[in-house]
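Q: Have a look at the structure that comes next, please.
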Amino acid sequence: MIYDEREIRHKHVIDAAMQMMTAARTAPKAKGVDIIEVALVTDDDIVALSNGLRQIGEKLNRGGLLRDADNILSAEAIVLIGSREEPMMLNCAYCGCPTCDSRPAGVPCAMNTIDVGIAVGSACATASDLRLDTRVMYSAGYAALQLGWMKGCNYLIAIP
């Protein structure tokens with residue numbers, strides 16, 4: 001039997017994306033508390049994400065967002081990684097506030113942000129190990145957030 005790469009690539013990309021999701025889930029987290037959310041976007045939902053990102057780019061008159069909206073259409077899969085808001089009560093002051101209790105509503109816990117960064121790094125390292133090209137896009141993550149995907153997350157990062 002002969003397998004043409006074009007015929008099996010999609011399955012390979014989906015399998016790799018699932019491994020990336022597991023890597024993100026199992027990445028170290030502040031105090032061992034898992035507040036990470038991970039999802040996989042494919043097919044028509046990539047088009048919907050692109051359309052949402054395009055609308056944001058047009059509304060804000062930001063060419064980079066329009067470029068990213070076009071670029072994600074080339075992806076066969078997009079991994080979304082985000083975090084629910086849960087202060088870690090470490091009083092680390094990385095958010096700019098001296099204590100967790102003094103942090104105003106809307107100011108994200110820095111540890112939540114760091115956890116997402118570690119999860120994204122782990123997912124991208126997994127993709128690299130599998131020789132799968134990726135990008136890290138705040139823009140597509142923001143569009144997913146604005147579309148109401150991944151309820152409970154206060155920010156998302158997308159990895160096409």
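The values are calculated or read from the model by the stated rules, or taken from the named source; none is laboratory data. Keep in mind the model is a prediction, meaning the values are calculated, not measured. Backbone-built Cβ (ideal geometry, glycine too); neighbour counts: all protein chains shown. For accessibility, only protein heavy atoms count, side chains too; no ligands or nucleic acids. Shrake-Rupley method; radii C 1.70, N 1.55, O 1.52, S 1.80 Å.
Q: Restricting to segment 32-45, give me the number of residues that are at pLDDT 95 or above and open to solvent by 40 Å² or more (accessible area, probe 1.4 Å).
A: Within segment 32-45, residues that are at pLDDT 95 or above and open to solvent by 40 Å² or more (accessible area, probe 1.4 Å) number 5.
Q: Filter segment 136-160 down to the residues that are within 16 Å of T113 (Cβ to Cβ) and part of a helix (DSSP H, G or I), then identify the one that is most open to solvent (accessible area, probe 1.4 Å).
A: Y138
Q: I'd like to verify a number: residues in segment 57-69 that are open to solvent by 80 Å² or more (accessible area, probe 1.4 Å) and either charged (D, E, K, R) or outside any helix (DSSP H, G or I) (or both), how many?
A: 5
Q: Only one of S122, S128 is open to solvent by 50 Å² or more (accessible area, probe 1.4 Å), among the polar types (S, T, N, Q) and under 19 Å from A23 (Cβ atoms); which?
A: Sole residue among the options that is open to solvent by 50 Å² or more (accessible area, probe 1.4 Å), among the polar types (S, T, N, Q) and under 19 Å from A23 (Cβ atoms): S128.
Q: A follow-up question, please. Does R54 qualify as being basic (K, R), surrounded by fewer than 20 Cβ atoms within 10 Å (Cβ to Cβ) and in contact (Cβ under 8 Å) with a residue 12 or more places away in the chain?
A: So R54 passes the test.
Q: Can I ask one more? Being part of a loop (DSSP other than H, G, I, E, B) and either small (G, A, S) or closer than 20 Å to A30 by Cβ (or both) is the filter here, so list the residues in segment 105-135 that pass it.
A: Scanning segment 105-135 gives A105, G106, V107, P108, C109.
Q: Among the residues of segment 1-31, count how many are over 15 Å from S83 (Cα atoms), exposed (fewer than 11 other Cβ atoms within 10 Å of the Cβ) and not aliphatic (A, V, I, L, M).
A: 6
Q: List pairs: first in segment 126-138 and of a type in the set (G, A, S), second open to solvent by less than 60 Å² (accessible area, probe 1.4 Å) and in a loop (DSSP other than H, G, I, E, B), Cβ under 7 Å, 6+ apart or cross-chain?
A: Taking only residues 6 or more apart or on different chains, the pairs are A127/T134.
Q: Let me ask something else. Out of all the residues in segment 26-56, which are in a helix (DSSP H, G or I) and among the aliphatic types (A, V, I, L, M)?
A: Residues satisfying the conditions are A30, I46, V47, A48, L49, L53, I56.
Q: Let me ask something else. Only residues in segment 86-107 that are under 19 Å from D34 (Cβ atoms) count as the first member; pair them with residues that are open to solvent by 70 Å² or more (accessible area, probe 1.4 Å), Cβ under 9 angstrom, at least 6 apart or cross-chain, and list the lot.
A: These pairs meet every condition: P87/D101; M88/K31; M89/K31; M89/D101; L90/K31; C100/M89; C100/L90; C100/N91.
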